[in-house]
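Here the structure is laid out as structure tokens; the discussion comes afterwards.
The values are calculated or read from the model by the stated rules, or taken from the named source; none is laboratory data. Note that this is a predicted model, so its numbers are computed, not measured. Here the Cβ positions follow ideal geometry from the backbone for every residue, glycine too, while neighbour counts run over all protein chains shown.
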Amino acid sequence: MDSAWEELFAALDAFEDEQVQQKQRGLNDFNLLSSVLAVNDEVRLHTRFIYSLLNPKGKHYQGTRFLKLFLEVVGRQDWLDLTSVTVLKEHCPDGQEDQIDLWITDGKRQIVIENKLNAQDQRRQVARYLEAVGATDSAQADDTLFIYLTKNRQAPSAFGLGGLTVCHRTSRLLNTSGLPVAHYQNLSYRKSIGQDSIHTWLESCANAVDRQSHIAWALRDYQAVVERATKEYVSKVKTLKDVLEEGIADGKRHHEQAIQLASELPAIHASWLEQAMTTNLEELFEPFVSNGDMTRIGVENAELLNPFVHNTFKDDASSLLYARRFNFFRPGNGTRNRGAFYRLETGTWAKKVVLMLFYGSKMLHVGCLLTEQADPSIYESIPDLKLLESKALLAKNIFPLVVTYAEPLEYKGIIHLADFSNSPQQRILGQLLTTLGCADSTTVSKGNAI
């Protein structure tokens, strides 16, 4: 093997060991907030968490401290009278359908915060919100600030502005006559944006409290959520990215080799799947097919599958048969819902059971198909195999009665098929042969290592 490849695989082995050690030491990427809500949950997570900090009556018991820090970050230190301020979330000022994400007012001046983490602008949304809070008179334009909080948008769309325009030179929202109706400001979720980032405020809040307090912990947790939402999060545990970057810094070919591996993996996976679906199964079942204990179902006898498939496939059962050109890993995303099938011909379950290796859109299935006339006691015959009714296959209306063991084809599945003789797929098929009485122990012992 080329020494460069030996270096890469040695680096990957060392990387795996280091990851294990780091995790054993307690390094982790656990996040309480993202464990109960999606990181992109705009309303229930982001709007409500920000509100909980800005609200002077919040359970943080910090009064207006976090609100004051927010105003400093957006450059409006003295803009509100903090002694008479009110903060509301999902505010509906006119009692109609419009809900302003966050509304802050001291009774004279007001701030409207529109949170657009991922959602698109609604028709005339900005104009409607300003109308709802009475910000339509240019003479009162200095009393309203509209903050547009997004990942990276520079301004609301024309569709959302509803006739208004953003003047970036004066930081104003202008009406159709070109007169200002409100101040305008962008605020970003992205950390890399700098001063106009919500992270600047969150850091200020964290610095204002005891770093060991629950508040500081919650702030760090939320910052990590935001970083995940903007794809800026850096794992606390070493990653493959770190390994590649270290290799580049040391002048090694790790990245070039990784690209080569990535380009060749689909063909390698395709060959492993092809081998399992054809040669491996043929070698496994050859003694039983030769003895007449099983029949391999192919294009020439695809009608044998008819009793085991839903009506929609009875005239087209061959469309479920695996062939090289239908390989899951072939270029163009391959073909889903294909498999190899062998019908039992002897014993109690003769012509009532088909053993199969089958893949759907994600999962690799190994198990058996049953006819509707099959005795339900078959489930009692195979309890140790832990086969389950496949809800995924049943939902697709392919097989009416099917029990399988399933695992993700693109991960565990293909790794196991690469070493088929030691795979759970081979073990389960062998145990099914013995358990269902397709062949006696003498026949089994003459076959491959089942």
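Could you list all residues from segment 20-42 that are surrounded by 15 or more Cβ atoms within 10 Å (Cβ to Cβ) and not in a loop (DSSP other than H, G, I, E, B)?
Matches in segment 20-42: Q22, L33, S34, E42.
With respect to L37, determine if the residue is more than 16 Å from T144 (Cβ to Cβ), without any contact (Cβ under 8 Å) to a residue 24 or more places away in the chain and assigned by TED's automatic domain parsing to the domain that holds I215.
Working: more than 16 Å from T144 (Cβ to Cβ): yes; without any contact (Cβ under 8 Å) to a residue 24 or more places away in the chain: yes; assigned by TED's automatic domain parsing to the domain that holds I215: yes.
So L37 fits the description; yes.
For G107, state whether it is in a loop (DSSP other than H, G, I, E, B), surrounded by fewer than 16 Cβ atoms within 10 Å (Cβ to Cβ) and free of Cβ contacts under 8 Å to residues at least 24 places away in the same chain. Before the answer, list the steps.
Values: in a loop (DSSP other than H, G, I, E, B): yes; surrounded by fewer than 16 Cβ atoms within 10 Å (Cβ to Cβ): yes; free of Cβ contacts under 8 Å to residues at least 24 places away in the same chain: no.
So G107 fails the test.
Of everything in segment 211-250, what is among the small types (G, A, S), in a helix (DSSP H, G or I), closer than 30 Å to D13 by Cβ and touching a residue at least 40 places away in the same chain (Cβ under 8 Å)? Give them in sequence order.
First, pick out the residues of segment 211-250 that are among the small types (G, A, S): 213, 216, 218, 224, 229, 235, 247, 249.
If we keep only those that are in a helix (DSSP H, G or I) too, we end up with 216, 218, 224, 229, 247, 249.
Right, trim to closer than 30 Å to D13 by Cβ and you get 224, 247, 249.
Hits for segment 211-250 are A224, G247.
In segment 68-98, what residues are polar (S, T, N, Q), under 24 Å from R44 (Cβ atoms) and in contact with a helix residue (DSSP H, G or I) (Cβ under 9 Å, 6 or more places away or on another chain)?
Residues of segment 68-98 that are polar (S, T, N, Q), as a first pass: 77, 83-84, 86, 96.
Now restrict to residues that are under 24 Å from R44 (Cβ atoms): 86, 96.
Answer for segment 68-98, where residues must be polar (S, T, N, Q), under 24 Å from R44 (Cβ atoms) and in contact with a helix residue (DSSP H, G or I) (Cβ under 9 Å, 6 or more places away or on another chain): just Q96.
Can you tell me which of (1) at pLDDT 95 or above; (2) more than 32 Å from the chain's Cα centre (by Cα); (3) of a type outside the set (D, E, K, R); (4) part of a helix (DSSP H, G or I) is the one T295 doesn't meet?
Unmet for T295, out of (1) at pLDDT 95 or above; (2) more than 32 Å from the chain's Cα centre (by Cα); (3) of a type outside the set (D, E, K, R); (4) part of a helix (DSSP H, G or I): (4).
I'd like to check something: does segment 344-352 contain any residue that is outside any loop (DSSP other than H, G, I, E, B), assigned by TED's automatic domain parsing to the domain that holds F420 and surrounded by fewer than 14 Cβ atoms within 10 Å (Cβ to Cβ)?
From segment 344-352, those outside any loop (DSSP other than H, G, I, E, B) are 344; that's our starting set.
Next, only the ones that are assigned by TED's automatic domain parsing to the domain that holds F420 stay: 344.
From the residues that got through so far, the ones that are surrounded by fewer than 14 Cβ atoms within 10 Å (Cβ to Cβ) too are none.
No.
Just wondering, is there one or more residues in segment 382-398 that are surrounded by 19 or more Cβ atoms within 10 Å (Cβ to Cβ), outside any helix (DSSP H, G or I) and modelled with pLDDT of 85 or more?
Scanning segment 382-398 turns up at least one residue that is surrounded by 19 or more Cβ atoms within 10 Å (Cβ to Cβ), outside any helix (DSSP H, G or I) and modelled with pLDDT of 85 or more.
Determine which single condition G134 fails, assuming it passes every other condition in (1) surrounded by fewer than 16 Cβ atoms within 10 Å (Cβ to Cβ); (2) in a loop (DSSP other than H, G, I, E, B); (3) out of contact with any strand residue (DSSP E or B) (no Cβ under 9 Å at 6 or more places or on another chain).
(3)
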